[in-house]
1. Any residue in the stretch 39-65 that's among the charged types (D, E, K, R): show its pairings with residues that are surrounded by fewer than 13 Cβ atoms within 10 Å (Cβ to Cβ) at Cβ separation under 7 Å, as long as the two are six or more apart or on different chains.
2. Please go through (1) open to solvent by 30 Å² or more (accessible area, probe 1.4 Å); (2) at pLDDT 95 or above for A103 and return the number of the only condition it doesn't satisfy.
3. Select from the stretch 177-189 the residues that are of a type in the set (A, V, I, L, M) and over 15 Å from T213 (Cβ atoms) and write down the one among them that is nearest to the chain's Cα centre (by Cα).
4. Pick from the stretch 117-146 the residues that are without any contact (Cβ under 8 Å) to a residue 12 or more places away in the chain and not in a helix (DSSP H, G or I): which of them is least open to solvent (accessible area, probe 1.4 Å)?
5. Picking from R158, R116, which residue would you name as being of a type in the set (D, E, K, R) and more than 20 Å from the chain's Cα centre (by Cα)?
6. Could we say that E182 is closer than 22 Å to L52 by Cβ and in contact with a helix residue (DSSP H, G or I) (Cβ under 7 Å, 6 or more places away or on another chain) here?
7. Which is more than 16 Å from L13 (Cα to Cα) and touching a Ser or Thr at 6+ places or on another chain (Cβ under 6 Å), of G75, G120, G59, G48?
Amino acid sequence: MPKPRTLAEESLLWVRDLQYRLPDAPTSPGRLLWQIPSLEWTPDPRRGWVHLSGDNGSGKTTLLRVLAGMQPASGGELRWQKGAAGQIRYLHQQPYLFDTSVAGNLVLAARWQPQRRSAGEQRDQVEAMLEWSGLSEHARQPARSLSGGERARLALARAWLSRPPVLLLDEPAANLDQAAVEQLAIRLEQMSQAGCAVILSSHQDNALSHGCTARWTLAEVSLHTERMPG
């Protein structure tokens, strides 16, 4: 008889007593920025995303970086489900674009993805992402000459090319107009429907916050979670 799966194994993300303290003097533990006594996250399948909110300085970026494995926590445990560990993508609010064309950025992403692909498969991926992002007409344009909204779509397409199970976005709506934010929300909805679990931070009320199915709020050094109706 198979062994029953534990809650930690069923949850995409499992956290216990996770905390982060701001670095201070060598003999000081540092000021507590946030702590999460307990969290089990199993996203709604193919629907919406998590909206991470909080005042400036509450630690939203730090939490996303800790979840992505880019920054160590000061204490506690964090576990991703086996299939997701090591395949999490993190997008900074000002993603770095390579000094090449729009298509060239996607070519590099295809070449460096974890899964081995033939040259023909990589070309197909690049073409598919150009079309998906609405940037086919800009394929030969220098990536760094794109508008803010176009740069955001390129960065998202570059991350989505390898189909990561989890995507973490730090203030993706920063410096974007309403139309660009709505275009971003459409593509995040498509990614969610394709099975990608998304957590994004935003301090604005816009199409990205409206598309969430859960809200996590950092306040008073704690993470408060809330499921959205609908």
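The values are calculated or read from the model by the stated rules, or taken from the named source; none is laboratory data. In this text the structure is predicted, and so the values were computed from the model without any measurement. Here Cβ is always computed from backbone atoms with ideal geometry, including for glycine, and neighbour counts include all displayed protein chains. Just the protein is used for accessible areas: all its heavy atoms, side chains included, with ligands, DNA and RNA removed. Shrake-Rupley method; radii C 1.70, N 1.55, O 1.52, S 1.80 Å.
1. From the stretch 39-65, the pairs are E40/L7; R46/Q193; R46/G195.
2. It fails just one condition, (1).
3. Looking at residues that are of a type in the set (A, V, I, L, M) and over 15 Å from T213 (Cβ atoms), I get L184.
4. Selected residue: S118.
5. The conditions single out R116.
6. Yes, satisfied.
7. Result of the check over G75, G120, G59, G48: G48.
Conditions (1) over 30 Å from D17 (Cβ atoms); (2) out of contact with any Gly (no Cβ under 8 Å at 6 or more places or on another chain); (3) assigned to a strand (DSSP E or B), marked per residue:
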residue: D44; (1), (2), (3): no, yes, no
residue: V50; (1), (2), (3): no, yes, yes
residue: L64; (1), (2), (3): no, yes, no
residue: P72; (1), (2), (3): no, yes, no
residue: R79; (1), (2), (3): no, yes, yes
residue: L108; (1), (2), (3): yes, yes, no
